[in-house]
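The values are calculated or read from the model by the stated rules, or taken from the named source; none is laboratory data. Source: prediction; values computed, not measured. We place every Cβ from the backbone using ideal geometry, glycine too, and count neighbours over all the protein chains shown.
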Amino acid sequence: MEYSDNYNVTNCKSLFCVPLIRLIVCVLLLHHSTFLLSQVKVLGIPNIESFTKKDYKAGTSNWSIVSMNNGNILVANNSGFLDYNGVKWNLKTLPNRSIARSICLAESGRIYVGGQDEIGYYMADSIGNLRFKSIRQQIPSIHLPLEDVWECRAIGNKVCFRSTNKVFIYEESIGFEVIDPKG
């Protein structure tokens, strides 16, 4: 077989010698692979839903967000604590209408909230309504006022709160341990 720029199907032992066949095979393979890639949407790319201040009827700033096992979304907000059940937003205010800055869930089911000079938790009452219980009064007065409580973390049976200058570690049976870097 002598070299030629013209392809002749009869001289070629494979159909892939023909450029048109090569092109068709490549297009089919690429086309098939795009169907495989498009299946990712079915596997779990989340739907993203955005909400405005008008939707949840509360303050402009949201400081901390937690998702509960039942699907509810909890939000620490300038106006207090928001609970979203997928349909309706419910606003719970903190004492003195202070800003809620941080929120976390404990193993006990309590929803701990840190705010401006406030620390406490929400717990469902006998009919399922969330009620706030302040635990601020358990902190030694030398460590008050709290200022803003920016972070809340539940670790086992302890809950850690971080304010501007101190860390407060709360355990229900013991009370507070305060870590003050200034001594």
**OP:** Determine whether ILE127 is part of a loop (DSSP other than H, G, I, E, B) and among the aliphatic types (A, V, I, L, M).
**Re:** yes
**OP:** Check GLU177 against each of (1) in a strand (DSSP E or B); (2) without any contact (Cβ under 8 Å) to a residue 24 or more places away in the chain; (3) within 28 Å of TYR84 (Cβ to Cβ) and name the one condition it does not meet.
**Re:** (3)
Subject >> Options LEU105, LEU130; residue that is surrounded by 11 or more Cβ atoms within 10 Å (Cβ to Cβ), over 16 Å from GLY80 (Cβ atoms) and either over 21 Å from the mean Cα position of the chain (by Cα) or assigned by TED's automatic domain parsing to the domain that holds GLY80 (or both) >> reply: LEU105
Original post:
Is it true that VAL167 is in contact (Cβ under 8 Å) with a residue 40 or more places away in the chain and surrounded by 13 or more Cβ atoms within 10 Å (Cβ to Cβ)?
Top reply: no
